[in-house]
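As structure tokens, the structure follows; a few thoughts come after it.
Just so it is clear, none of the values below were taken in a lab; they were calculated from the coordinates. Everything numeric here is computed off the predicted structure, so don't read it as measured data. As a convention, Cβ positions derive from the backbone with ideal geometry for all residues, glycine included, and neighbour counts pool all protein chains shown.
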Amino acid sequence: MAPEARRRRTLGQILLLSAGFLVLVAVSTSSVLLVNKARSDNAWVVHTIEAENQINALLLEVRRAKSGARAYLLTQEQEFLRDHEAAVAAVGPVLDKLSALVADNPRQVENLARLRNVIETRLSQFGREKALVASGDLPGAVALVRGAGSAESSALIGTTAEAMRTEEERLFALRTANADASQQLATMVTIAGSALVIVLAIISVVLVRRSARARDEAEVRLRESNLNLETTVDERTADLREANEEIQRFAYIVSHDLRSPLVNIMGFTSELDELRNDVFRRIATLARAASSSPPPAEGAEPELEGADRQLSDDFSEALGFIKSSIAKMDRLITAILNLTREGRREFSPVRIDMRELIEAVASTLAHQAAEANATIRVEPLPILVSDRLALEQIFSNLIDNAIKYLKPGVPGEIVVRARTKLGFAIFEIADNGRGIDPKDHHRIFDLFRRAGTQDRPGQGIGLAHVRALVRRLGGTMSVASELDQGSTFTITLPINWKASNRNSER
Amino acid sequence: MTMPVTIIMIEDDEGHARLIERNIRRSGVNNEILPFTNGTDAVKYLLGADGTGLEHKGHALLILLDLNLPDMTGIDILKTVKQNSFLKSAPVVILTTTDDSQEIKRCYELGCNVYITKPVNYESFANAIRQLGLFFSVIQVPPAA
């Protein structure tokens, strides 16, 4: 999967989750708000019912006052008068309560004001009737009751109250509808929100499953490409190994076959040398005979003279150069042979206590070290699984070099130390010797190449050999050095080397 | 030597052959030396016309063998000799440039009697051959059964 698409997918999932969370918050908030609204709507409905109740109570009290007044008029009994008075007294508070209840509605306030007026008119009519009864003018009072005034104000009370009730009923209907609406809204919002959350959750689950599937596919692809890669690497390794073996065989055969003619060249050069001796001995004898000088003592070599002597010396010089060149060529060929032989040797990994191994190497070099006035210090070293002989050759070459190339007049100090890191052991062989010019750092690892003052015997093979061995053991090596500052060779080797890494087909 | 031993020298390099012969002669060995420059001729001679080696019955042979031959390896010849009932008692001296320890081991396992690596240094070479000549002059070689 492309990283772009993966990032988009991750982003999408985060967005989805945030959206779900936001929806949840919105649903909760609106639910709380709507429930509050529904509660206040309900309160208003209750309020309306209360107002209606008060209106009814008011009308009841007015009626009670009216019937009390009538009864008193008919019977003049004080009991009815008290009834009437109580009803009239109750009218005031009921009116006050009502006015408090309807204070929010200007239309009702207006209605109430009218009602209050009418009721007051009616109460004052009752007052006048009572006064007439009290003064004994019964017919006057009856006439007043029968008169248009009282009937009119009674009817007016009725209609005004009716108007108020109608208004309250209208409000009731309105508020009930409102309350219903807000409750419905709350329900709908909750349902819609829940549905949205569920949908988001489903999308999320689908996305997660899809990305899981994509991941599984990617894993399968990765495994496949790993396998492919391994096959490719194996093929390449096999090719390289074949090429390497070809070179080894080539080097072996060439160096081997070069040896045969060399034996002849050397052999016949020596024969030639013998011939030369014979020839010049004869020349000397002849020359002596010609100059008739006394013959030399028995067994003594005849002496050559002048030009003859010069000729003989030239002959010897030429033969000497040929012989020394052949000797050198032989050493080189032997070195190549040994190298290729090492290259063909099969490595077998075994458990090796490196400290033990290097101390053994150091003890075989102890004599040389003592002669060169050098000390070898071996610090604690790890335990490796590797090829013993190869490691011995590596370290004995390096320590031998360190002993060979010390600074004249300075006691040598050679330290072997190691540390481990990520499955590799890093060895350092450090000396305080003459050092190596940085421009020669590459050269010293080349076959037959040497650096610095050539005052020690050697073919320029040791380090080339060491590096080849280190490589075969799956490691690397490098050098850090300055002229006159000593050298430190660093070798990194796998702690657990397996033969199959490199040379399984050797 | 009590009886005339024939030295069979199988050596493809004529220069080497010459040097070997010279040095053997120098050590005072005057036995007949039969040189062969390739393996095929040598094997043909050793096994005779009938291919059984019967021809050499009663002859004392000493074989000087080089391992690197143009047509076969000396090891094949060594095997042939050591598997032949008439020839197997003949001493085989391997004189070659190969100093591979595996090769040396193999030759001794196959029944070679002496293995000598030709030194490039002529002094050593001549010395080795002369020593070999001295060895030849005292060695008792059984006749082929």
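Numbers for the structure displayed
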| quantity | calculated |
| --- | --- |
| Segment A:S67-A:V410, length gained on full extension (0.36 nm per residue, minus Cα span) | 109.2 nm |
| Added length on full extension, which subtracts the Cα-Cα distance from 0.36 nm per residue, A:T375 to A:A113 | 81.8 nm |
| Net +/- balance of residues flanking A:S363 in space, Cβ distance below 15 Å, scoring K and R +1, D and E -1 | -4 |
| Euclidean distance between Cα centres, the stretch B:1-36 to the stretch A:88-161, Å | 169 Å |
| Calculated FRET value between A:S99 and A:S28, using beta carbons and R₀ = 41 Å, to 0.05 | 0.50 |
| Selection from A:A69, A:M354, A:I383, by position along the positive dipole direction of the protein assembly as shown (Cβ) | A:A69 |
| Estimated inter-spin distance, B:H59 and A:V385, nm [label 7 Å along Cα→Cβ] | 6.0 nm |
| MRE, 222 nm, helices only [DSSP H, n ≥ 4, -39500 (n - 2.57), over chain A, to nearest 500] | -26500 deg cm²/dmol |
| Beta bridges per DSSP with both ends in the protein assembly as shown, % antiparallel, nearest 5 | 55 percent |
| Extension gain from A:E271 to A:S291, taking 0.36 nm per residue of separation minus the Cα-Cα distance | 4.2 nm |
| CD proxy at 222 nm, helix term only [per DSSP H run n ≥ 4: -39500 (n - 2.57); per residue of chain B; nearest 500] | -12500 deg cm²/dmol |
| Relative exposure of A:D137, A:D83, A:D313, B:D66, judged by other C-beta atoms within 10 Å (fewest first) | A:D313, A:D137, A:D83, B:D66 |
| Of A:K66/A:K130; B:K44/B:K105; B:K88/B:K118; A:K37/A:K97; B:K44/B:K118, pairs whose Cα-Cα distance is over 18 Å | B:K44/B:K105; B:K88/B:K118; A:K37/A:K97; B:K44/B:K118 |
| Förster-model FRET efficiency, 35 Å R0, B:L34 and A:D239, C-beta, rounded to 0.05 | 0.10 |
| At 1.306 mPa s and 10 °C, Stokes D of chain A from Kirkwood alpha-carbon radius, µm² per second | 43 µm²/s |
| Environment charge of A:Y405, counting only residues whose C-beta is closer than 11 Å and scoring Lys/Arg +1, Asp/Glu -1 | +2 |
| R0 of 22 Å, Cβ-Cβ distance A:Q459-B:E123: FRET efficiency to nearest 0.05 | 0.55 |
| Shielding by partners - mean other protein chain Cβ count within 10 Å, residues of A:254-264 | 5 |
| Where labels lie 7 Å past Cα in the beta-carbon direction, separation of A:S211 and A:L332 in nm | 6.7 nm |
